[in-house]
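The values are calculated or read from the model by the stated rules, or taken from the named source; none is laboratory data. As the structure is a prediction and not an experimental result, all values here were calculated from the model. With ideal geometry, Cβ positions are generated from the backbone for all residues, glycine too; neighbour counts draw on all protein chains shown.
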Amino acid sequence: MTAIVFDLDGTLLHTDEPYQELLAGAISDVRGSKSVPKTWLETYEEAFFELFSACEPDPVRRAFARIDGCSDPDAYATALLEREIESLSPPANARADLERLRETHELGVLTNGVRDWQLAKLRAHDLADAVDAVVASYEVGAHKPNAPPYRALEKRLPATQYGMVGDSDGDIDGAENAGWETLRYDGGGFGGLPDDLFLH
């Protein structure tokens, strides 16, 4: 059977809110103040991307813990996840399209991130049970476009052919290097699948 694999952030779920605004909103929620110190934002972003790039455990909580004056990193991490979930939305008819595609294809999600964090977003938007497998980069210690996430997805979701739907160069380049078909997602929904992916 053929497998269609979706990126998560920017493809299955997207937001128009800049990440720094989400971060500032989460900090404001916990601090109870609309004023967010610039040093908090800078320290968090620098720490998070350092930890995330290296697949270090618990990058969100640990990034908050590096901020001077942040006494409850867990509360800030929870607030940020809630803000992310609230800001995200799937394309129109995404659930119906996934159910249609699942009748004839295996469906997977391949995402850069921490598994529990990414699954929380899928569940909140009623998409987790619409796919057959989810692989997060943290599970294999490497992010797309590196090969390990793609190989892990192949092991978890055996198929004769794979196609990747994603919005970034990392999604597409990694999939092409893995020998998959690719489709760059342009925000228009999934109504053209599977033909747009396998017949282009």
Return the residue satisfying two criteria in turn: it lies in region 163-190 and is at pLDDT 95 or above, out of contact with any strand residue (DSSP E or B) (no Cβ under 6 Å at 6 or more places or on another chain) and assigned to a loop (DSSP other than H, G, I, E, B), and of such residues it is nearest to THR11 (Cα to Cα).
ASP167
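Considering region 70-95 alone, what residues qualify as being in contact with a Phe, Trp or Tyr (Cβ under 9 Å, 6 or more places away or on another chain), without any contact (Cβ under 8 Å) to a residue 24 or more places away in the chain and either farther than 24 Å from VAL140 by Cβ or surrounded by fewer than 17 Cβ atoms within 10 Å (Cβ to Cβ) (or both)? Explain how you work it out, then say what you get.
Filtering region 70-95 down to residues in contact with a Phe, Trp or Tyr (Cβ under 9 Å, 6 or more places away or on another chain) leaves 70, 72-77, 80-81, 84, 91, 93-94.
Now narrow it down to the ones that are without any contact (Cβ under 8 Å) to a residue 24 or more places away in the chain: 73-74, 77.
Across region 70-95, the qualifying residues are PRO73, ASP74.
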Of all residues in region 131-143, which are buried (at least 20 other Cβ atoms within 10 Å of the Cβ) and without any contact (Cβ under 8 Å) to a residue 60 or more places away in the chain?
VAL134, VAL135, ALA136
Name every residue in region 146-177 that is touching a helix residue (DSSP H, G or I) at 6+ places or on another chain (Cβ under 8 Å) and buried (at least 20 other Cβ atoms within 10 Å of the Cβ), in order of residue number.
PRO149, TYR150, TYR162, GLY163, MET164, VAL165, GLY166, GLY174, ALA175
Considering only region 44-56, I want to know if a residue exists there that is in a loop (DSSP other than H, G, I, E, B), closer than 23 Å to THR111 by Cα, without any contact (Cβ under 8 Å) to a residue 24 or more places away in the chain and of a type outside the set (A, V, I, L, M, F, W, C).
yes
Only one of (1) out of contact with any Phe, Trp or Tyr (no Cβ under 6 Å at 6 or more places or on another chain); (2) under 30 Å from GLU86 (Cβ atoms) does not apply to ALA147, and that is (2)
Within region 144-171, the residues that are free of Cβ contacts under 8 Å to residues at least 60 places away in the same chain and aromatic (Phe, Trp, Tyr) are TYR150
Every residue in region 129-162 that is part of a strand (DSSP E or B) and under 18 Å from CYS55 (Cα atoms), please.
VAL134, VAL135, ALA136
